[in-house]
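Trainee: Here's a structure for you.
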Ligand SMILES: NC(=O)c1ccc[n+]([C@@H]2O[C@H](COP(=O)([O-])OP(=O)(O)OC[C@H]3O[C@@H](n4cnc5c(N)ncnc54)[C@H](O)[C@@H]3O)[C@@H](O)[C@H]2O)c1
């Protein structure tokens, strides 16, 4: 496999494109929003340069970035050996993208989604040759996080599933095999249950986000608290995941309060905009 197409150059797509390029793959990075693309390329340049300065990668940043080719549409899917979709968490949008990828990609090209909550089988229904559709659920920030859930949809062939596992190992990450296709897979279901309770307790005035985060770190050994994780993920994405969970009857996996939605409406989208449960400097450092 040589060429990977990544669809969406947001927080996750940019990170996925970067780690693929770092491992020597040529990457076509598809983004419909020119500003998002510009931000993604600048972020990748800075992240790769930092890794190179620390000696964690052996080639100069420019050599890595030279393997990333931006694009506006999906036409290049015909030349891709693997496609990873990381657009907004919207079933309607992803169905549209998978239908188009199904038409454009070679019939044996694996089509993966980085969805956080949507069952892979729903996306596979939209694409031709559904046996080549699988989940590759990366964790963010992708260049730093070692875990990827590899999800087998009801129709995913064992060969495609195992190719997904092997690809994740070649990226230097640890695959967790999810053998059954349920909304939110494994890690997000566990996190969503904890975050639902945490957000509802904050909404009810029982505890502050900072105290709840400190408690989960000191009491349960989490590396980051639920509100720190949510700010990093993006509260707009967290709200979309909650909306999807409720739409499929998984009400226990979304906050009952409208706290996150009201924060999103007020422009508090998390670390990426400098404001979420916490405030951040323009460099992304948390303000005291
Ligand atoms: N944020 C996280 O921590 C996280 C973790 C794991 C998985 N995910 C999942 O990854 C996906 C992306 O999340 P994100 O946080 O990067 O979102 P994001 O909002 O940062 O980025 C999404 C990007 O997709 C682009 N896009 C929209 N429609 C497109 C199209 N038709 N073609 C190409 N690009 C298009 C948008 O312009 C945007 O730049 C979602 O499915 C999300 O659930 C997110």
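Just so it is clear, none of the values below were taken in a lab; they were calculated from the coordinates. Everything numeric in this text was worked out from a predicted model, so none of it was measured. Neighbour counts run over all protein chains shown; Cβ positions are idealised from the backbone, glycine included.
Trainee: Please work out if residue 192 is in contact with a helix residue (DSSP H, G or I) (Cβ under 9 Å, 6 or more places away or on another chain), crowded, with 21+ Cβ neighbours inside 10 Å and closer than 19 Å to residue 246 by Cβ.
Mentor: When the stated conditions are applied, residue 192 passes them.
Trainee: Within the range 133-152, which residues are touching a strand residue (DSSP E or B) at 6+ places or on another chain (Cβ under 6 Å), more than 19 Å from residue 230 (Cβ to Cβ) and not in a strand (DSSP E or B)?
Mentor: If the condition is that a residue be touching a strand residue (DSSP E or B) at 6+ places or on another chain (Cβ under 6 Å), more than 19 Å from residue 230 (Cβ to Cβ) and not in a strand (DSSP E or B), then 146 is the only one that fits.
Trainee: While we're on this one: Any idea how many residues of the range 18-38 are in contact with a helix residue (DSSP H, G or I) (Cβ under 8 Å, 6 or more places away or on another chain) and closer than 15 Å to residue 1 by Cα? Outline the logic, then answer.
Mentor: Step one: list which residues in the range 18-38 are in contact with a helix residue (DSSP H, G or I) (Cβ under 8 Å, 6 or more places away or on another chain), which gives 18, 21-23, 27-31.
Subsequent filtering for residues that are closer than 15 Å to residue 1 by Cα retains 21-23, 27-28.
Residues that pass the stated criteria total 5.
Trainee: Next question, about the same structure. Is it fair to say residue 96 is within 10 Å of the ligand (Cβ to nearest atom) and out of contact with any helix residue (DSSP H, G or I) (no Cβ under 7 Å at 6 or more places or on another chain)?
Mentor: Considered against the rule, which asks whether it is within 10 Å of the ligand (Cβ to nearest atom) and out of contact with any helix residue (DSSP H, G or I) (no Cβ under 7 Å at 6 or more places or on another chain), residue 96 comes out as yes.
Trainee: I would also like to ask the following. Inside the range 139-166, can you point out the residues that are touching a helix residue (DSSP H, G or I) at 6+ places or on another chain (Cβ under 9 Å) and either under 23 Å from residue 125 (Cβ atoms) or more than 16 Å from the ligand (Cβ to nearest atom) (or both)? Explain how you work it out, then say what you get.
Mentor: First pass over the range 139-166, keeping only residues touching a helix residue (DSSP H, G or I) at 6+ places or on another chain (Cβ under 9 Å): 139-145, 147-157, 159-160.
Once the filter is applied, which keeps residues that are touching a helix residue (DSSP H, G or I) at 6+ places or on another chain (Cβ under 9 Å) and either under 23 Å from residue 125 (Cβ atoms) or more than 16 Å from the ligand (Cβ to nearest atom) (or both), the range 139-166 yields 149, 150, 151, 152, 153, 154, 155, 156, 157, 159, 160.
Trainee: Just need a number here: residues in the range 78-88 that are more than 11 Å from the ligand (Cβ to nearest atom) and within 14 Å of residue 113 (Cα to Cα).
Mentor: Qualifying residue count for the region: 2.
A quick yes/no check of all residues on (1) under 21 Å from residue 13 (Cα atoms); (2) not in a loop (DSSP other than H, G, I, E, B):
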position	(1), (2)
155	no, no
159	no, yes
165	yes, yes
175	yes, yes
